[in-house]
Amino acid sequence: MKLNSEDKFNSAVSLYIVTNIIEDEKLTQEQANKVIEALVRFYGATSEEQILSCGDEELILIYNDFKEKILERVC
């Protein structure tokens, strides 16, 4: 699970912006899916399955917690 520096920066910026938005706003399912895709890329994975099968229990827990918070904002 590796990304180049530009991809990591873009993913981090996307997550930062969306995190600030979702604190106060509701998301459509499509928006939530895009945020989750950015989260996956942030961790350097190509898919959610790659994260869930990586064997890093702490990473999986953090990913699932963040994903749950995103999905709670879907209207």
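The values are calculated or read from the model by the stated rules, or taken from the named source; none is laboratory data. Model, not experiment: these values are computed from the prediction. All accessible areas refer to the heavy atoms of the entire protein, side chains included, with ligands and DNA or RNA removed. Shrake-Rupley method; radii C 1.70, N 1.55, O 1.52, S 1.80 Å.
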remark   = Taking placed amide H atoms and a strict 5 Å upper bound, the residues 5 or more places from residue 27 or on another chain that come that close are 74, 75
request  = Provide the per-residue ³J(HN,Hα) series for the range 60-75, in order, calculated from phi with Karplus coefficients 6.51, -1.76, 1.60 and θ = phi - 60°, each as a whole number of Hz, with x at glycine and proline positions.
outcome  = 4, 4, 5, 4, 5, 5, 5, 4, 4, 5, 5, 5, 5, 8, 6, 9
task = Roll a 1.4 Å probe over the protein chains and send me the accessible area per residue for the range 13-61 in Å².
result = 65 Å²
note = In whole Hz, the Karplus estimates of ³J(HN,Hα) for the range 29-46 (6.51, -1.76, 1.60; θ = phi - 60°; x where Gly or Pro) are 4, 4, 5, 4, 4, 5, 5, 5, 4, 5, 4, 4, 5, 4, 7, x, 9, 9
query = Using heavy-atom solvent-accessible surface (probe 1.4 Å) with all chains present, what is the largest-first order of 41, 73?
reply = 41, 73
message = Could you tell me the relative contact order of the range 17-75? Use alpha-carbon pairs under 8 Å, at least six residues apart, and round to a whole percent.
response = 52 percent
